[in-house]
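See structure below.
Here, each number is a calculation from the coordinates, and none is a lab measurement. Everything numeric in this text was worked out from a predicted model, so none of it was measured. Positions of Cβ are backbone-derived with ideal geometry, glycine not excepted, and every protein chain shown enters the neighbour counts.
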Amino acid sequence: MGLEKIEEYKRKLGLTSAELAEKAGIPKTTLDKILSGVTKDPKLETLKAIARVLGLTLDDFDDTNHKPTHEPSYEDIKKLIARNGKEMSQDEKMELIKMLSTLE
C-alpha cells in the first residue's frame, strides 16, 4: 500500500496525524499503526475516510502503478483545487496550470 502517499499529502495539506485522524473520523492510534506499517491490511472504510480527507482515491494508494494511466480530468482538477481550504503551494499551482493547459 502507498503509505508514502498518505504522508506526502498530509504534509502538502499541512495536517498533523491528529488532524487527519480527526477529519477522517478514525482514532489517531489507528492512523499511527497504518503509517508505521503495524497494520498491514487496514479496513477499506478506514482507507476511504483517509483518502476522502486527502482528496485522493483508493487507486492513489496503489503503489504498483507508478505511471499516470489517464490524462488529467476535471475531477483531478477539482481535487487539486479543493484542498480543504489550505493554500496551494507553488508546485501545486504549477501542477494545476499544467493540467488546465492539457484540457480541450
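A few notes on this one:
- FRET efficiency, Leu100 to Lys23 (Cβ-Cβ, R0 30 Å, nearest 0.05): 0.65
- Per-residue ³J(HN,Hα) for segment 18-23, Karplus 6.51 cos²θ - 1.76 cosθ + 1.60, θ = phi - 60°, Hz, x for Gly and Pro: 5, 5, 4, 4, 5, 5
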